[in-house]
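The values are calculated or read from the model by the stated rules, or taken from the named source; none is laboratory data. Only a predicted model underlies this, so the values are computations on that prediction, with no experimental measurement involved. Cβ placement follows ideal geometry from the backbone for every residue including glycine, while neighbour counts extend to all protein chains displayed. The area values use the complete protein model at the heavy-atom level, side chains included, leaving out ligands, DNA and RNA. Shrake-Rupley method; radii C 1.70, N 1.55, O 1.52, S 1.80 Å.
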Amino acid sequence: MAKDTLSVTDNRTGKSYEIPIEEGNVIRATALREIKTGPEDFGMMSYDPALVNTATCKSRVTFIDGDKGILRYRGYPIEELAEKSNFLEVAYLIVKGELPDKKHFATWESNIKIHTMVHENIKRFMEGFRHDAHPMGMLLGTVGAMSTFYPEAKEIFDLETRRLQTRRLIGKIPTLAAWAFRHTRGLPYVYPDNELSYTGNFLSMLFKMTELQYKPNPVLEKALDVIFILHADHEQNCSTNAVRAVGSSDPDPYACLAAGIAALYGPLHGGANEAAIRMLVEIGSKEKIPGMIKSVKAGDTLLQGFGHRVYKNYDPRAKILKKLAYDVFEVTGRNPLIDVAIELERIALEDDYFIKRKLYPNVDFYSGIIYQAMGFPMTMFPVLFAIARTAGWLAQWAEMVRDPEQKITRPRQIFLGEGTRHWMPIDRRPAPSMREDAVSEAI
Ligand code: ACO
């Protein structure tokens with residue numbers, strides 16, 4: 001009869017161990033510590049740079065089956081949510097675990113909207129950034145600074161306090177994002193208009209000029225709302241892991257989200273759609289695609305917006321975005337890069353190199369084309385991502401805070417440095433460059 005254990009024989013000692021298997025395919029890394037050569041031995045550990053095969057938490061928020069191209073928030077397929085829901089409702093679902101009924105949605109919407117304004121000192125704080133500051137850097141700094149405005153947020157084990165900060169952050173993040181954009185344009189910051197929808201208000205704070213009330217184009221408002229839904233959570237990605245790791249030492253959620261934004265700032269995470277746009281611009285026309293594919297296959301460059309650590313199938317978000325692009329173009333006019341993108345995808349998906357490696361378009365392949373058509377500069381791409389992901393970060397953070405198994409994150413290392421050495425007076429030390437055994441760090 002099959003047992004839920006893993007038998008391991010240590011060939012150094014000949015001893016065998018039986019390690020329990022949990023949840024069908026999981027062993028606890030700490031179980032390896034029992035495997036020792038003797039009482040002085042530290043015990044075995046696993047080595048997993050970039051955590052490619054290590055679960056760091058148990059979560060109920062988002063499910064991904066990368067081989068099948070499935071993404072679900074709290075059980076709901078992303079396709080259904082993108083088609084039928086709205087971002088604020090999806091944020092509720094992600095944070096609270098269930099879709100709201102009419103009454104709960106109305107309360108949630110009003111609770112979020114009363115937090116769209118920010119303290120005037122935060123506005124002045126933002127005004128202090130240089131005229132050419134990157135909007136993502138502004139968002140990062142300002143979300144961190146918000147920690148000082150809400151000292152009670154430190155009471156992270158108090159449910160009501162957590163709820164209040166969650167509403168505050170989801171409410172205020174579009175305001176900060178829009179103001180970061182206005183700052184780079186040298187335009188006055190626009191205060192929130194709570195008559196508009198969550199996403200409509202964001203568009204107003206971005207693009208309102210002299211009109212008394214900004215009227216968002218309903219197609220663009222809907223498109224951006226769908227894009228927010230698609231980016232609202234993605235389980236244990238780099239930025240969510242950053243939120244959880246920083247959160248594990250119990251700071252307030254503003255500090256945790258600043259860490260998430262910092263992780264998202266990197267070109268390998270929130271900046272990949274910018275790289276995709278640059279690549280499409282560089283290709284320029286369909287005729288140049290075969291040459292590009294050739295250099296990708298030669299290993300000279302990557303096909304940006306292709307491939308994913310988790311998806312080994314078509315990223316379901318990319319499918320939705322590809323369709324959405326055409327709705328947006330009805331209003332904005334066609335972004336000519338779409339033709340290059342579609343043809344590039346067609347050729348790549350028929351090519352053995354990409355088929356063998358299971359490389360498909362990811363969410364970043366089409367999102368940049370849509371953002372560009374809507375008038376967003378590339379520096380705003382990761383900022384848009386951060387607005388949506390705020391819901392996911394907060395849900396994952398709250399899950400971690402409530403999880404009795406979690407403690408301060410503290411990975412192990414494999415130490416490869418020097419053994420004990422003894423200090424010498426400075427005039428007796430050889431020059432570092434003369435010492436062949438010296439570690440040459442690239443600093
Ligand atoms: N173009 C060409 N070849 C690729 C690409 C690509 N975009 N992605 C992976 N490969 C190749 C690798 O060279 C490797 O080939 P090899 O087996 O011959 O060495 C093979 O496919 C496996 O690739 P890995 O690097 O092991 O895949 P990994 O899971 O580590 O990387 C990643 C995933 C980082 C997303 C990668 O596919 C990539 O760099 N893509 C381009 C950048 C991008 O679009 N990033 C956005 C990701 S989505 C997000 O973060 C929101």
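Below are the figures for this structure:
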{"read-out": "Looking only at the range 180-195, and only at residues there that are open to solvent by less than 20 Å² (accessible area, probe 1.4 Å) and in contact (Cβ under 8 Å) with a residue 60 or more places away in the chain, the one that is nearest to PRO377 (Cα to Cα)", "value": "PHE181"}
{"read-out": "Cβ-Cβ under 7 Å pairs, at least 6 apart or on other chains, the range 41-66 side touching a residue at least 60 places away in the same chain (Cβ under 8 Å) and more than 18 Å from LYS407 (Cα to Cα), far side open to solvent by less than 80 Å² (accessible area, probe 1.4 Å) and β-branched (Val, Ile, Thr)", "value": "VAL61/ILE94; ILE64/ILE70; ILE64/VAL310; GLY66/VAL310"}
{"read-out": "Exclusive hit being open to solvent by 10 Å² or more (accessible area, probe 1.4 Å), farther than 30 Å from ILE156 by Cβ, more than 13 Å from the chain's Cα centre (by Cα) and in contact (Cβ under 8 Å) with a residue 24 or more places away in the chain, set ALA275, ALA255, ALA245", "value": "ALA275"}
{"read-out": "Selection within the range 1-40 - acidic (Asp, Glu), in a loop (DSSP other than H, G, I, E, B) and more than 20 Å from GLU405 (Cα to Cα)", "value": "ASP4, GLU40"}
{"read-out": "Residue satisfying all of: in the range 120-157; of a type in the set (D, E, K, R) and touching a residue at least 24 places away in the same chain (Cβ under 8 Å); least open to solvent (accessible area, probe 1.4 Å) among these", "value": "LYS123"}
{"read-out": "Exclusive hit being within 15 Å of the ligand (Cβ to nearest atom) and assigned to a helix (DSSP H, G or I), set ARG309, ARG389", "value": "ARG389"}
{"read-out": "So ALA50, is it outside any helix (DSSP H, G or I), of a type in the set (Gly, Ala, Ser) and open to solvent by 40 Å² or more (accessible area, probe 1.4 Å)", "value": "no"}
{"read-out": "Test: GLU160 is under 19 Å from ALA91 (Cα atoms), open to solvent by 30 Å² or more (accessible area, probe 1.4 Å) and more than 24 Å from the chain's Cα centre (by Cα)", "value": "yes"}
{"read-out": "Helices (runs of 4 or more DSSP H) (entirely within the range 87-135) containing at least 2 residues that are among the hydroxyl-bearing types (Ser, Thr, Tyr)", "value": "102-113"}
{"read-out": "The range 268-285: number of residues that are within 10 Å of the ligand (Cβ to nearest atom) and farther than 11 Å from GLN304 by Cα", "value": "2"}
{"read-out": "Condition broken by ALA262, with the remaining ones in (1) open to solvent by 10 Å² or more (accessible area, probe 1.4 Å); (2) touching an Asp or Glu at 6+ places or on another chain (Cβ under 7 Å); (3) among the hydrophobic types (A, V, I, L, M, F, W, C) satisfied", "value": "(2)"}
{"read-out": "Helices (runs of 4 or more DSSP H) wholly inside the range 314-384 containing at least 2 residues that are within 16 Å of the ligand (Cβ to nearest atom) and of a type in the set (Ser, Thr, Tyr)", "value": "363-373"}
{"read-out": "First in the range 346-371 and touching a residue at least 40 places away in the same chain (Cβ under 8 Å), second anywhere and polar (S, T, N, Q) and in a helix (DSSP H, G or I), Cβ under 7 Å, 6 or more apart", "value": "ASP364/ASN273; SER367/ASN273; GLY368/ASN273"}
